[in-house]
1. Report yes if Lys61 is in the same structural domain as Glu242 (by TED's automatic domain parsing), in contact with a helix residue (DSSP H, G or I) (Cβ under 7 Å, 6 or more places away or on another chain), modelled with pLDDT of 95 or more and not aliphatic (A, V, I, L, M), otherwise no.
2. For the range 181-277, which strands (runs of 3 or more DSSP E) that fit wholly inside it have 3 or more residues that are in contact with a Ser or Thr (Cβ under 9 Å, 6 or more places away or on another chain), of a type in the set (A, V, I, L, M, F, W, C) and more than 30 Å from Lys145 (Cβ to Cβ)?
3. Can you name every residue in the range 151-173 that is of a type in the set (A, V, I, L, M, F, W, C) and either without any contact (Cβ under 8 Å) to a residue 12 or more places away in the chain or not in a helix (DSSP H, G or I) (or both)?
4. Only one of (1) surrounded by fewer than 19 Cβ atoms within 10 Å (Cβ to Cβ); (2) under 30 Å from Asp91 (Cβ atoms); (3) among the basic types (Lys, Arg) fails for Arg244. Which number is that?
5. Does Met196 fit the bill of being surrounded by 13 or more Cβ atoms within 10 Å (Cβ to Cβ) and in the same structural domain as Arg75 (by TED's automatic domain parsing)?
6. Hey, does the range 249-256 have a residue that's touching a Lys or Arg at 6+ places or on another chain (Cβ under 9 Å), outside the structural domain of Glu24 (by TED's automatic domain parsing), of a type in the set (Asp, Glu) and surrounded by fewer than 20 Cβ atoms within 10 Å (Cβ to Cβ)?
7. Among residues belonging to the range 40-75 that are in contact with a Ser or Thr (Cβ under 9 Å, 6 or more places away or on another chain) and among the hydrophobic types (A, V, I, L, M, F, W, C), point out the one that is surrounded by the most Cβ atoms within 10 Å (Cβ to Cβ).
8. Check the range 45-64 and report whether any residue there is without any contact (Cβ under 8 Å) to a residue 40 or more places away in the chain, of a type in the set (Gly, Ala, Ser), more than 27 Å from Ile218 (Cα to Cα) and part of a helix (DSSP H, G or I).
Amino acid sequence: MRRVRRFIAGVLALGLVQVAQGKETAFRVCADPANPPLSARDDSGFENRIAHLFADDLGLKVEYTWFPQRLGFLRNTLKAKDPDTGRYKCDVVMGVPAGYELASTTKPYYRSTYVLVVAKGKGFDDIHQAEQLFDLSAERKARLKIAMFDRTPGVTWLLRHQLLRQGRTYQSMTGDPAVNTAMRLDNEFSDGKINMAVVWGPIGAYLAWKHPGDYELIPLKSEKGIRFDYAIAMAVRRGDKERRQMLQDLIDRKRADIAAVLRDYHVPLVDKEGNPI
């Protein structure tokens, strides 16, 4: 065990020496320019803030390669080379599912869950647990307009609990790469087209962050056959062990700072059993 620890410490030390010697000129991040509250071109997302937290620790500046985080994201960012320099365009993806098979990931740095977003002042301010929806009167159920997204567990959950008629179906990927799911939800709530939504927690957090006091986020607990909570890690290219170890060290040392950033953005955090933290 001591040999393993010494080896890891040696690898990390080598990486830090390379940074100090100027072989690393920037903390180079692959990111979506329009994916609030995670990332944005104006550096307003929580992944942006964490990237700057790490870069400051390393004495580097942050540089971005921007590309919409959808089909082809890794191929056009982390795995793509600049035709002029032959160098990879960027080195780090700030948020992927832990164990993501298309890259090499760190240990998880947060775990979140899908949430039921409830707009306040729309007749459902008494809803503080998702299970309360099951016992609503027929008249109140008829007034429910719940956004659900294709290929997500929210659809299965509404179907299982006989609320599918109250669902409003949306595509997980918008047709416009400049408008992400959170931004579209914001517009749909504002227009009165929906009064609730079942959505991935960090996306729902955008509403609570942008409109303090106007929404309640109710964490959803996984059920048999329906998984809601997932662990999120950072990613580098396969084989880039040195950089992955440096990221892991930064995550471990900055864990309290990372948690503070996530709280600032109202990201719903859960433990390994899916219980709210």
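The values are calculated or read from the model by the stated rules, or taken from the named source; none is laboratory data. Everything quoted here is computed from the prediction, not taken from an experiment. Don't worry about glycine lacking a Cβ; one is built from the backbone with ideal geometry, like all the others, and counts go over all protein chains shown.
1. On the way: in the same structural domain as Glu242 (by TED's automatic domain parsing): yes; in contact with a helix residue (DSSP H, G or I) (Cβ under 7 Å, 6 or more places away or on another chain): yes; modelled with pLDDT of 95 or more: yes; not aliphatic (A, V, I, L, M): yes.
Criteria met by Lys61.
2. On the way: elements: 196-200, 215-219, 229-236.
Hits in the range 181-277: 229-236.
3. Here is the first cut: in the range 151-173, the ones of a type in the set (A, V, I, L, M, F, W, C) are 155, 157-159, 163-164, 173.
Those that are of a type in the set (A, V, I, L, M, F, W, C) and either without any contact (Cβ under 8 Å) to a residue 12 or more places away in the chain or not in a helix (DSSP H, G or I) (or both): Leu159, Leu163, Leu164, Met173.
4. (1)
5. On the way: surrounded by 13 or more Cβ atoms within 10 Å (Cβ to Cβ): yes; in the same structural domain as Arg75 (by TED's automatic domain parsing): no.
Against the criterion (surrounded by 13 or more Cβ atoms within 10 Å (Cβ to Cβ) and in the same structural domain as Arg75 (by TED's automatic domain parsing)), Met196 does not qualify.
6. If we filter the range 249-256 for residues that are touching a Lys or Arg at 6+ places or on another chain (Cβ under 9 Å), which is where we start, we get 251-252.
Imposing the further condition that a residue be outside the structural domain of Glu24 (by TED's automatic domain parsing) reduces the set to none.
Checked the range 249-256: no residue is touching a Lys or Arg at 6+ places or on another chain (Cβ under 9 Å), outside the structural domain of Glu24 (by TED's automatic domain parsing), of a type in the set (Asp, Glu) and surrounded by fewer than 20 Cβ atoms within 10 Å (Cβ to Cβ).
7. Among them, the one singled out is Phe46.
8. Yes: the range 45-64 contains one or more residues that are without any contact (Cβ under 8 Å) to a residue 40 or more places away in the chain, of a type in the set (Gly, Ala, Ser), more than 27 Å from Ile218 (Cα to Cα) and part of a helix (DSSP H, G or I).
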